[in-house]
Amino acid sequence: MRHYADCIGFELTRRCNLHCKWCSKGDAQNMDMTKEIIDKTLDELSDYWIDVVRLTGGEPSLVPELVKYVIDGIIKRRIIVGTVQFITNGTITSDIIKKSSMKFLDYSNTIQDEREELAVFFDNEKRNTLYESLKGKYPSWITQISTWEHDNEKTFDIVKKFYDIQNEKYNLITQEELGTREDIGSIVIEGNAEKIYDQYSENQLNLIRILHNKFCIIEDGDGDKPYLKKTLSVSANGKVYVGSCMSFNHIESNYLFNIMDCNNDFWKKVDRWCWENPISSYANKLMERYKGIKWKYEHHIDRKLNNKDTLEAFEKLKNMIEVYRENLILFHPKLPYLSHTELNLFVVAYLCQELYKTAYEDNEENRNVLSMFIDYTTGLHKDELNHWNKQTSENMMNMMINRNNERAIEKIDNPIKKFFAHLYANM
Ligand code: SF4
């Protein structure tokens, strides 16, 4: 079966020629990705359709041969890739990288139909609204020069000129063109950034995000098209982790598995990890907000949001998320035929039922917490949320149980047993 992935990152090196004070990666390390790791990753992903391949570091321009190796590897295996995003600090030029980008642009022309299919699958028009300069475009290669926090002003113009490849499928963007930090919506406070938080402006402090990347990243999609909906990166030492901003230190305790331990079972390994960390991406956002608020409170950063009441309300929510997580793990073996999304809906409905029994929502404060809990675990639209009640929860639970049972019956091989199972199910 064909698999889809939203974004796969390659942390090609942990070396860097700069030492930016805001760096979320922390201090550079003397480590490059090996060609073995690249081959293994591409072999595991050879049947994937990947919307974005992100090349990062450290500074990936320090390892042009590895950039070339990844691009040649993709082309050799004819992996369908929508866009390659090359993220650089804009201090180094490389002919090898420039040639690789042009080679990829040629390859991209040969997979035009597949790219269009990918664009529809990932609804690219919608997602590119974040990138001001990319609106309405679906470039095959993006050279992204990061400028916010880097000491790169001296070479910036030279690099920009050097990589200005004239091709309709090519885009050169700077972070300024992506928008301000405030537009992007969050600041990852990891690595070096955490040490210098007192240099953030008031607005920036309100956007702090502390990574909580332990959550289910599989979206079921239509029919038989499940996909990886969040960036998965392979670090220079082969450890696979969620996102691409995580500090080198943090990766060591938060990785899913090592790519070198895969045996044509990349999807299976990710899926297993998701069932071990089954909270939804919405709930994960709440955990990140909670961690951010708590961090600000503990650092005596007195912002409106950070007063004690807010923290207490978020603590309640956080506890509910913990219970919700435990129940997802508990119910998965009981309802094994439900997808990640379906089980999520079942458990939210189940917990609501339990709370309704205790008249939890009779108090206004609890009602707000409950509504935030449903909002942050299901991602339902505001109108739908307003209609969520006891009856909705009950219907949702029944619907999911029936769905699970129907699928269980479909799996029965013996026609007589199957007939009776249908009969009993409809009695
Ligand atoms: S932010 Fe980028 S350029 Fe700066 S030290 Fe970190 S990896 Fe290097």
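Residues that are of a type in the set (D, E, K, R) and surrounded by fewer than 20 Cβ atoms within 10 Å (Cβ to Cβ) were ranked within segment 275-298; the one that is nearest to G379 (Cα to Cα) is K285. Go through segment 380-397 and give me each residue that's surrounded by fewer than 18 Cβ atoms within 10 Å (Cβ to Cβ) and assigned to a helix (DSSP H, G or I). Selection gives K382, D383, E384, L385, N386, K390, Q391, T392, E394, N395. Kindly indicate whether A349 is touching a residue at least 40 places away in the same chain (Cβ under 8 Å), aliphatic (A, V, I, L, M), within 30 Å of I196 (Cβ to Cβ) and in a helix (DSSP H, G or I). Judged against the criteria, A349 is not a match. For segment 210-236, filtering for residues that are of a type outside the set (S, T, Y), within 16 Å of the ligand (Cβ to nearest atom) and either out of contact with any His (no Cβ under 8 Å at 6 or more places or on another chain) or at pLDDT 95 or above (or both) leaves 1.
Yes/no matrix, rows are residues, columns are (1) aliphatic (A, V, I, L, M); (2) within 22 Å of A5 (Cα to Cα):
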site	(1), (2)
N30	no, no
I50	yes, yes
R54	no, yes
E59	no, no
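Return yes or no: is L42 in contact with a strand residue (DSSP E or B) (Cβ under 8 Å, 6 or more places away or on another chain), surrounded by 20 or more Cβ atoms within 10 Å (Cβ to Cβ) and modelled with pLDDT of 95 or more?
No, not satisfied.
Per this entry, M320 is counted among residues that are crowded, with 18+ Cβ neighbours inside 10 Å and either farther than 26 Å from K229 by Cβ or at pLDDT below 95 (or both). Restricting segment 356-379 to residues that are crowded, with 18+ Cβ neighbours inside 10 Å and free of Cβ contacts under 8 Å to residues at least 40 places away in the same chain, the residue that is farthest from E276 (Cα to Cα) is L370. If you go through segment 328-335 one residue at a time, do you hit one that is open to solvent by 50 Å² or more (accessible area, probe 1.4 Å) and over 24 Å from D220 (Cβ atoms)? The answer is no, given that none of the residues of segment 328-335 is open to solvent by 50 Å² or more (accessible area, probe 1.4 Å) and over 24 Å from D220 (Cβ atoms). Sub-6 Å Cβ pairs linking a first residue in segment 1-24 that is within 25 Å of E36 (Cβ to Cβ) to a second residue that is charged (D, E, K, R) and more than 10 Å from the ligand (Cβ to nearest atom), at least 6 apart or interchain, are C7/R54; G9/R54; T13/D32, ordered by first then second residue.
Can you name every one of the helices (runs of 4 or more DSSP H) wholly within segment 186-283 that holds 3 or more residues which are closer than 25 Å to H3 by Cα and of a type in the set (A, V, I, L, M, F, W, C)?
Output list reads 266-276.
For E36, the stated conditions hold: it is open to solvent by 50 Å² or more (accessible area, probe 1.4 Å), over 25 Å from T91 (Cβ atoms) and not hydrophobic (A, V, I, L, M, F, W, C). Of all residues in segment 15-33, exactly one satisfies the criterion of being crowded, with 23+ Cβ neighbours inside 10 Å and at pLDDT 95 or above, namely M33.
The values are calculated or read from the model by the stated rules, or taken from the named source; none is laboratory data. What you are looking at is a predicted structure, and each value in this text was computed from that prediction instead of being measured. Don't worry about glycine lacking a Cβ; one is built from the backbone with ideal geometry, like all the others, and counts go over all protein chains shown. What goes into the accessible areas is simple: the full protein's heavy atoms, side chains included, and nothing from ligands, DNA or RNA. Shrake-Rupley method; radii C 1.70, N 1.55, O 1.52, S 1.80 Å.
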